[in-house]
Amino acid sequence: MARVTTSYVCGACGAHSPGPLGRCPRCGAWGTVTAAAPEAAPRGPAAAAPATAMRLGDVTDLGVARLPSGLDEVDRVLGGGWVAGAAVLLAGEPGIGKSTLLLQLADAAARAGRRAVVVCGEESPGQVKLRAVRLGVADAVEVLRSTDAYAIADFLATEAPALAIIDSIQTLTVEDGAAPGSLTQVRDATALLSQAAKSSGSTLVLIGHVTKQGAIAGPKVVEHIVDATLALESAAGFRVLRGIKNRFGPAGEVGVFEMTDAGLRPVANPSDAFLAERPVGVPGSVVVAALEGQRPLLVEVQALASASPFATPRRVVQGLDPRRVDLLLAVLERRADLPLAGLDVFVNVAGGLRLTDTGADLAVATAVASAVTNRPLAAGTAVFGEVGLAGELRSVAQGVRRTAEAVRAGHRDVVGPRGGGDAPTWRAVGDLAAAFAALWGRP
Ligand code: TYD
Ligand code: MG
């Protein structure tokens, strides 16, 4: 395989580097590393090769070779599998299961006859082995103990493993004696390694730690360098893998896993899992048929209202956009005559899940109305739909699939705007008042 091409050079000291670094690793100067001038003498305009454009229909080289990762839930988030030469960032809080998941994926690659290397800067090969034994990982998976980004880049370029996992970017340095984990080290090391992966055709997966406080430099500074960013989060006792950015496939897809003593296990029916502990017949609890990426998921939205001791009542929102909830509360007051003045209102998505789907509007409005009027919903009811400022219900994407998922999970009554299909369990309504009448009968 080709060595790393030294196509960047420091204007201050002349040091070559294989990537566009912010700071020269040799002399320490900032912003001096630029693309090296071509060897040949500058050419005149006449020498330029004519630039030709191509019809999209004639483009045949898609440049995307996909390899299944071995876990369907991961393939779903990646958009079909690993892409050769791509750099993928896996971000998450310490202890969430990033090393575990990637070791399982290294195992799958090795079992498929591909070379998988775990570069461990964080743990010793012995520690990686201990975990591997517990997970039953194939012996063919290789480990490389290094934190030197140049050495690793060189390894990628010469050995070209199919899958290279860096655990973690916060341990890498590009500069001798520099503190690992600093902004520049993390960014420059990532640039260097993704360049090397591109030239070798390896899929590069970088683990990046994030903390709730965001204290550790990391994922944010490299998001624009990598081709895809995945986040591993904890929700409702499960691990949710979410595509944040994806140059080769859909963003916003989710995969759901459960941490077991044999590693992360895909959850076949996340809706059932998320609703497992839902209280039935309690006011303020509503099931929404939400959409995460392209995947319909049933999630519980909860609301609580109580007389406020404050002049300005509190609005506490978890798992939803607070401004969206404010808007819905205003619509409820003005269009559904719900008396909210003087009430503290708490709205929560159960299990610590986050919803960005406007299809959750009707569930939020219904949960608040249910809490304020102290009327529970009948068991087996699910809702979805966007609510407009006039109190009208607006249709949302994938209504038919949302309804189908609700029915699959045992809901006999699904209420929402037009576009829910023709299932007998489906009831289309035009506005909030009609939705509430459908759910509770006319007052
Ligand atoms: P880990 O993958 O080390 O997290 P990260 O790399 O994101 O910091 O794993 C985190 C936790 O998972 C750890 O506390 C132990 C637990 N775990 C299991 O429950 N089962 C297992 O099979 C493994 C390997 C880990
Ligand atoms: Mg780890």
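The values are calculated or read from the model by the stated rules, or taken from the named source; none is laboratory data. All values reported here derive from a predicted model rather than from experimental measurement. So basically every Cβ, Gly included, is an ideal-geometry build from the backbone, and we count neighbours across all protein chains shown.
When restricted to residues that are touching a strand residue (DSSP E or B) at 6+ places or on another chain (Cβ under 9 Å), farther than 11 Å from I207 by Cβ and within 15 Å of ligand 1 (Cβ to nearest atom), region 84-96 contains 1. Set side by side, the residues T32, T52 differ, and just one is of a type outside the set (A, V, I, L, M, F, W, C), modelled with pLDDT under 90 and touching a strand residue (DSSP E or B) at 6+ places or on another chain (Cβ under 8 Å), which is T32. Looking for something part of a helix (DSSP H, G or I), within 16 Å of ligand 2 (Cβ to nearest atom), on the phi < 0 side of the Ramachandran plot and modelled with pLDDT under 95 - is there at least one such residue anywhere in region 145-160? Looking for residues that are part of a helix (DSSP H, G or I), within 16 Å of ligand 2 (Cβ to nearest atom), on the phi < 0 side of the Ramachandran plot and modelled with pLDDT under 95, one finds none in region 145-160, hence no. Looking across region 276-295, the residues that are surrounded by fewer than 24 Cβ atoms within 10 Å (Cβ to Cβ), within 18 Å of L362 (Cα to Cα) and either modelled with pLDDT under 95 or of a type in the set (V, I, T) (or both) come down to V282, E292.
Taking the numbered list (1) part of a helix (DSSP H, G or I); (2) modelled with pLDDT under 95 in turn, Q104 passes all entries but (2). The conditions are (1) modelled with pLDDT of 90 or more; (2) surrounded by fewer than 20 Cβ atoms within 10 Å (Cβ to Cβ); (3) within 20 Å of the chain's Cα centre (by Cα); (4) among the charged types (D, E, K, R), and R66 fails exactly one of them. Which is it? All conditions pass for R66, except number (1). Inside region 276-314, residues that are of a type in the set (A, V, I, L, M, F, W, C) and closer than 18 Å to R402 by Cβ make up a count of 10. Residues that are of a type in the set (A, V, I, L, M) and closer than 21 Å to Q185 by Cα within region 109-159 comprise V118, V119, L144, A149, A151, I152, A153, L156, A157, listed in sequence order.
When region 105-116 is limited to residues that are surrounded by 23 or more Cβ atoms within 10 Å (Cβ to Cβ) and away from ligand 2 (no atom under 16 Å from the Cβ), the one that is farthest from S202 (Cα to Cα) turns out to be A109. Of the residues making up region 226-258, those that are hydroxyl-bearing (S, T, Y) and under 9 Å from the mean Cα position of the chain (by Cα) number 1.
From the residues in region 170-221 that are of a type in the set (V, I, T) and away from ligand 1 (no atom under 16 Å from the Cβ), which one is modelled with the lowest pLDDT? Here the answer is V221. Of the candidates P270, P279, the single residue that is farther than 22 Å from E93 by Cα and either more than 12 Å from ligand 1 (Cβ to nearest atom) or out of contact with any Pro (no Cβ under 9 Å at 6 or more places or on another chain) (or both) is P279. Meeting the requirement of 3 or more residues that are out of contact with any Lys or Arg (no Cβ under 7 Å at 6 or more places or on another chain) and surrounded by fewer than 19 Cβ atoms within 10 Å (Cβ to Cβ), the strands (runs of 3 or more DSSP E) wholly within region 315-396 are 315-318. Note on region 87-104: residues that are within 9 Å of ligand 2 (Cβ to nearest atom), β-branched (V, I, T) and under 20 Å from D227 (Cβ atoms) amount to 0. If we scan region 118-135, do we find a residue that is away from ligand 1 (no atom under 14 Å from the Cβ), of a type outside the set (F, W, Y) and over 28 Å from G181 (Cβ atoms)? Scanning region 118-135, I find no residue that is away from ligand 1 (no atom under 14 Å from the Cβ), of a type outside the set (F, W, Y) and over 28 Å from G181 (Cβ atoms), so the answer is no. In the condition set (1) hydrophobic (A, V, I, L, M, F, W, C); (2) surrounded by 23 or more Cβ atoms within 10 Å (Cβ to Cβ); (3) within 18 Å of A363 (Cβ to Cβ), V256 is compliant with all but (3).
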